[in-house]
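The values are calculated or read from the model by the stated rules, or taken from the named source; none is laboratory data. Model, not experiment: these values are computed from the prediction. Quick reminder, even Gly has a Cβ in these numbers, built from the backbone with ideal geometry, and neighbours come from all protein chains shown. Ligands, DNA and RNA are excluded from the accessible area calculation, which covers all protein heavy atoms including side chains. Shrake-Rupley method; radii C 1.70, N 1.55, O 1.52, S 1.80 Å.
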Amino acid sequence: MRAAILRLLVTLLLSGAVVNALAGGAAWAQRIDWGIDRPGDALSNDQRNRVQQLLGELRSPRCDSEKRRKIADEILALGRPGARRLGPATETLLGTQREKYYAAFHQQAGTLSDQRLKQADKERLRTWRQEVNSLRNEGKFTSENVHSQVGPAVENLRKTLTVTPREVLESSKDLEPLRQVVLDLGEILQRCRETLAAPPGEGQAGKSDPSKQDGGKGAESNDEGGQPAATKAGNDNPAETRPVKDKAASPPKGDKPAVPSKGDKPAPPPPAAPPPPAAPPPPAMEFAKLLDFDEQMIAAMVLPTTSANARVLIDNFRLRHRIEPEEALGLADLNVIRVLLGLSAVRVDVALCRAARDHCKDMHEKQFFSHASPVPGKASPWDRARRAGTSAGAENIAAGTRSGKGAIAMWLFSPGHLANMLGGHSRAGLGGYQGKWTLMMG
């Protein structure tokens, strides 16, 4: 009964968090000025009536994927005027459908997690937790026991209690249709944004392709107690590219502006410059990847835990688009480990994430790998946290992986890093840049 009540509480909190959380932070989630009445984007009466008819069909519960695609194709064939009408209608509809799907997904994930807990051998769960927590409490993590005891215990707890998005979807035939509606609407909205971002006259924009990333190894740790540091061992990072601003051409020295001779008629004034085009929407994270990301975040929230931990996880979910996706996934995985071990969940500190990310950027650009930074005002982790407007009590650094979860996994098997991750902290910030990672805890 207690688990059911807690699940209902979390579901209610989640449903209220979804739209608000998605409205800020992520480039994809930022609202834009669709500017329906913008000069030059007018439609004829017949076109406006047809668009309104199609938007009504799009809102119909009977509208399937094929129909949604055809509606989008017809409206976006009108170019920017079509995108300016289809975009806001899709945005509103997507908000409703996404909230419905996320709440259903969370409920099903929680049900699956409860079933796993019910079927689990409780004595084994206690044994695995005790193996790790006894070493933690006594400060006895070693290179040997983190591999022989800690790693296997955490992995056993994961296999027994955690659920994956795929498992959640496969456990209920009702989720996939809801997901498809959200995916269709998200892709339509993305097409609208791309159409507005395209140069005038090019019509609707196509879909973007996802990029791929790779990974490697390497880590170092530090805390106020002077934990020993592991050596760096990472892969070469890809070359960084930056936009280069074109310098305006200047006239040769000695040249003077031409002066009209007497009798010449003054040149007519140049025509007024046309008004600047509307600012394009921010770069979009491909919607399918955004949906996968959110499903991973929700699946990480449903572990059996206390109501206090559940509220922290909900608050973190609200903040997920104020930091980078890999940072959010890494911090979510850190909390999975802590909750599996019966520890308190840590809150996401956005300022610590910013400080951590900035240190990674400094390490990459200035070619060093250390907790001590040569950058003035950023010498120590505590200086960097203070500059960001927060505080820290421990720091881990790593090199050679593109994944936030990969960095957490690397630190799990290093005694100093593990002690930091499982310490008595209440806040955490994770930042990454070009294969470098920093975790700060306070």
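Data for the structure
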{"read-out": "Sequence-distant residues sharing a close amide H with THR305 (under 5 Å, placed H)", "value": "none"}
{"read-out": "Radius, Kirkwood style, for segment 54-178 when every pair of distinct Cα atoms is counted (Å)", "value": "18.8 Å"}
{"read-out": "Derived scalar couplings ³J(HN,Hα) [segment 62-79; Karplus, 6.51 cos²θ - 1.76 cosθ + 1.60; whole Hz; x for Gly, Pro]", "value": "8, 6, 9, 4, 5, 5, 4, 5, 5, 4, 5, 4, 5, 6, 6, 5, 7, x"}
{"read-out": "Radius of gyration, Dmax [segment 289-355; alpha carbons; angstrom]", "value": "11.2, 32"}
{"read-out": "Selected from MET421, HIS321, ALA332, residue furthest toward positive end of dipole (segment 297-442; charges at beta carbon)", "value": "HIS321"}
{"read-out": "Hz values of 3J(HN,Hα) by residue in segment 434-442 - Karplus curve (6.51, -1.76, 1.60), Gly and Pro given as x", "value": "6, x, 9, 9, 9, 10, 10, 10, x"}
{"read-out": "Derived scalar couplings ³J(HN,Hα) [segment 128-140; Karplus, 6.51 cos²θ - 1.76 cosθ + 1.60; whole Hz; x for Gly, Pro]", "value": "4, 5, 5, 4, 7, 5, 5, 5, 5, 5, 8, x, 10"}
{"read-out": "Surface accessible to a 1.4 Å probe, PHE293 within the full protein complex, Å²", "value": "10 Å²"}
{"read-out": "For segment 366-415: Kirkwood Rh in Å [reciprocal of mean 1/r, alpha carbons]", "value": "12.4 Å"}
